[in-house]
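Undergrad: Let me begin by handing over the structure; questions about it come next.
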Amino acid sequence: MDLDEVAGRLYAVPPAEFTAARAAEVRAAKEAGDVRLSRDIAKLRKPTVSAWAVNRLAREHPAELNELLGVGERLRAAWQAQDAEALAELTRSRGEVTAKVARLARQAGGLSAAASSEVDQTLDAAVVDAGAADQVRAGRLAKPLSYSGFAPAPSAAPATGPAAAPSSEPRPASRGRGQAGKDAAAEARARAEAEARQAREAKEAKEAAKAKERAEAEAAHREWAEALDSVTRDYDERAEKVARLERKLAKARKRLEEVRQRLEVTRREERHARRRLD
């Protein structure tokens, strides 16, 4: 048993079961006498829900995930080559394949809007960054990934040497393709910036709506809290008044009972006196 094998098992279980499963693996390693492995296992972080959803893709939908990561590899290569035609085609493919893979990630259910957004963010990072793609393919993410650049990260440095040396002869056609590639790159950067701005504005609008909703809820709560205080005071006053009246009524009933008893005695004595008179 090694750390790779254990991690593969642990990151396949749902987040709610991860801690217990990790503890069991730690115990098993200790019982096997491998203290170092047990320590390494204990350091494995519990995955977020979004990370677990992406890990599931690597295990349950490897073909679809590899299709997306393949698009990412070709996109990065086209970016390095400044191939405008390939960039345009791959950008279209990227959107379609990403949407398909994201739907598969959500099929497990239980993903909040925030977790779904993190899944999309992780898949985007895997498309533009080769390192992120390797992590996603391994299926052992503990947290979502992100990529902050506007251009795909290069997966390798360009080749050097005699074969890569530029020709001394002018090559107008190559310069044309290079210019087209630069234009496409600039267009892609502008599009990425616009998308980032739109996402930021949408986030700010959502936060503003939440703040407004909370303010309205707080105002409504204050209003009802004041009403509750007023009604509570009114109730307490009336309850006290009723209690006073009930005490008075109890005293009055006691006096009435005393008078009733005297009345019974008086009636009895009056009857006895009348009989003696007769």
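Undergrad: Residues that are open to solvent by less than 100 Å² (accessible area, probe 1.4 Å) and closer than 30 Å to LEU87 by Cβ: does the stretch 202-212 have at least one?
TA: So far as the stretch 202-212 goes, yes, one or more of its residues are open to solvent by less than 100 Å² (accessible area, probe 1.4 Å) and closer than 30 Å to LEU87 by Cβ.
Undergrad: Just checking, how many residues over the stretch 107-120 are open to solvent by less than 40 Å² (accessible area, probe 1.4 Å) and either β-branched (Val, Ile, Thr) or touching a residue at least 60 places away in the same chain (Cβ under 8 Å) (or both)?
TA: Going through the stretch 107-120 one residue at a time, the tally reaches 4.
Undergrad: State whether one or more residues within the stretch 66-75 are free of Cβ contacts under 8 Å to residues at least 60 places away in the same chain, more than 21 Å from LEU141 (Cβ to Cβ) and either in contact with a Ser or Thr (Cβ under 9 Å, 6 or more places away or on another chain) or not in a helix (DSSP H, G or I) (or both).
TA: Scanning the stretch 66-75 turns up at least one residue that is free of Cβ contacts under 8 Å to residues at least 60 places away in the same chain, more than 21 Å from LEU141 (Cβ to Cβ) and either in contact with a Ser or Thr (Cβ under 9 Å, 6 or more places away or on another chain) or not in a helix (DSSP H, G or I) (or both).
Undergrad: Let me ask another. Is it true that VAL231 is open to solvent by less than 100 Å² (accessible area, probe 1.4 Å), part of a helix (DSSP H, G or I) and modelled with pLDDT of 90 or more?
TA: no
Undergrad: So, of the residues in the stretch 91-101 that are at pLDDT below 90 and open to solvent by less than 50 Å² (accessible area, probe 1.4 Å), which turns out to be farthest from VAL54 (Cα to Cα)?
TA: SER93
Undergrad: Can you tell me which of ARG244, ARG274, ARG197 is modelled with pLDDT under 90, more than 60 Å from the chain's Cα centre (by Cα) and assigned to a helix (DSSP H, G or I)?
TA: Of the residues listed, the single one that is modelled with pLDDT under 90, more than 60 Å from the chain's Cα centre (by Cα) and assigned to a helix (DSSP H, G or I) is ARG274.
Undergrad: Evaluate the following for LEU104: is it at pLDDT 90 or above and open to solvent by 10 Å² or more (accessible area, probe 1.4 Å)?
TA: yes
Undergrad: Given the residues ARG27, ARG56, which is the only one that is open to solvent by less than 50 Å² (accessible area, probe 1.4 Å), among the basic types (Lys, Arg) and either under 19 Å from ASP134 (Cα atoms) or part of a helix (DSSP H, G or I) (or both)?
TA: Checking each option against the conditions leaves just ARG56.
Undergrad: Evaluate the stretch 10-22: report whether one residue or more is part of a helix (DSSP H, G or I), modelled with pLDDT of 95 or more, in contact with a helix residue (DSSP H, G or I) (Cβ under 6 Å, 6 or more places away or on another chain) and among the small types (Gly, Ala, Ser).
TA: yes
Undergrad: Right, another one. Give LYS43, LYS30 a once-over and let me know the one that is over 24 Å from ALA126 (Cα atoms) and touching a Ser or Thr at 6+ places or on another chain (Cβ under 9 Å).
TA: That would be LYS30, the only listed residue that is over 24 Å from ALA126 (Cα atoms) and touching a Ser or Thr at 6+ places or on another chain (Cβ under 9 Å).
The values are calculated or read from the model by the stated rules, or taken from the named source; none is laboratory data. None of the values given here were measured: they were computed from a predicted structure. Note: ideal-geometry Cβ built from the backbone for every residue, glycine included; neighbour counts use all protein chains shown. For accessibility, only protein heavy atoms count, side chains too; no ligands or nucleic acids. Shrake-Rupley method; radii C 1.70, N 1.55, O 1.52, S 1.80 Å.
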